[in-house]
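Engineer: Okay, here's the structure, questions in a sec.
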Amino acid sequence: MRGLQAEGGAPVARRRARLVVILVALAVVVYVADLASKTAVLRALEGKAPLVVIPDVLQFRVFFNSGAAFSIGTGMTIVFTFIAVGVVVAIIRTARKLRSLPWAITLGLLLGGALGNLTDRLLRYPSGFGRSTQFQGHVVDFIEVLPGHFPVIDYFPIFNVADSAIVCGGVLAVFLAWRGYQIDGTREGK
């Protein structure tokens, strides 16, 4: 009996391992894309006029964000740093129960995005190890969509690759939860 149980458990363990590899690989791709894009934009545009990619639709402009999305909570950078750490820990713990490809993709997007912005909060100005402003670095945002087309708020939020991954992962998580898909691969109501 034990031999049968062990054999039956092996495919489940292999599937979970493959899903964790997908989660980690996607997180690494998002993280590297975020870091590379921020580095390139800082080298090319810091202290310069925005780079118009598509007039009135898309431009790249360096913006250092000390808050969260939409620049909410400026001055609370350290709080967002600890929230990001909590998200990373929660995703790592949740990965042990992972048996769903859509959830692996969702968690990979969220993990990569959270790590991208967390790196900024830990290492970018005015933060840095050994400084009194540790954990308070500003996130580099640079993608500006529809500049000047929102008269009520005067601008559409400027964001980065990590923010995009977090939003896509969040939307996907809401969709999966709404449809009843569980992290363990089961579906509520089925």
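Engineer: From the residues in the range 49-63 that are part of a loop (DSSP other than H, G, I, E, B) and either among the hydroxyl-bearing types (Ser, Thr, Tyr) or without any contact (Cβ under 8 Å) to a residue 40 or more places away in the chain (or both), which one is farthest from VAL140 (Cα to Cα)?
Structural biologist: Here the residue is PRO55.
Engineer: For the range 15-47, give me each residue that is of a type in the set (Lys, Arg) and free of Cβ contacts under 8 Å to residues at least 40 places away in the same chain.
Structural biologist: Residues satisfying the conditions are ARG18, ARG43.
Per-residue answers, yes or no, for (1) in contact with a Leu (Cβ under 6 Å, 6 or more places away or on another chain); (2) of a type in the set (A, V, I, L, M); (3) modelled with pLDDT of 95 or more; (4) crowded, with 18+ Cβ neighbours inside 10 Å:
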residue: ILE72; (1), (2), (3), (4): no, yes, no, no
residue: THR106; (1), (2), (3), (4): yes, no, yes, yes
residue: LEU118; (1), (2), (3), (4): no, yes, no, yes
residue: HIS138; (1), (2), (3), (4): no, no, no, yes
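Engineer: Okay, next question. With ILE78, ILE92 as the choices, which residue is in a helix (DSSP H, G or I), more than 30 Å from ALA13 (Cβ to Cβ) and of a type in the set (Val, Ile, Thr)?
Structural biologist: Exactly one of ILE78, ILE92 is in a helix (DSSP H, G or I), more than 30 Å from ALA13 (Cβ to Cβ) and of a type in the set (Val, Ile, Thr), namely ILE78.
Engineer: So, one more: When you look at GLN5, is it modelled with pLDDT under 95, surrounded by 15 or more Cβ atoms within 10 Å (Cβ to Cβ) and among the polar types (S, T, N, Q), yes or no?
Structural biologist: No: the conditions fail for GLN5.
Engineer: Just name the residue that is surrounded by the fewest Cβ atoms within 10 Å (Cβ to Cβ) out of those in the range 78-104 that are touching a Phe, Trp or Tyr at 6+ places or on another chain (Cβ under 8 Å) and not hydrophobic (A, V, I, L, M, F, W, C).
Structural biologist: Looking at residues that are touching a Phe, Trp or Tyr at 6+ places or on another chain (Cβ under 8 Å) and not hydrophobic (A, V, I, L, M, F, W, C), I get PRO102.
Engineer: Just one of the numbered conditions (1) open to solvent by 40 Å² or more (accessible area, probe 1.4 Å); (2) of a type outside the set (Asp, Glu); (3) at pLDDT below 75; (4) over 20 Å from VAL41 (Cβ atoms) is not true of PHE156; which one?
Structural biologist: Result: PHE156 fails condition (4) only.
Engineer: Within 20 Å of the chain's Cα centre (by Cα) and either modelled with pLDDT of 95 or more or in a loop (DSSP other than H, G, I, E, B) (or both): does that describe ILE83?
Structural biologist: For ILE83, the condition - within 20 Å of the chain's Cα centre (by Cα) and either modelled with pLDDT of 95 or more or in a loop (DSSP other than H, G, I, E, B) (or both) - is not met.
The values are calculated or read from the model by the stated rules, or taken from the named source; none is laboratory data. Quantities reported herein were computed from a predicted structural model and do not represent experimental measurements. Methodologically, a virtual Cβ is constructed for each residue, glycine included, from the backbone with ideal geometry; neighbour enumeration extends over all protein chains shown. The protein model used for the area step is the full one, side chains on, heavy atoms only, and it has no ligands, DNA or RNA in it. Shrake-Rupley method; radii C 1.70, N 1.55, O 1.52, S 1.80 Å.
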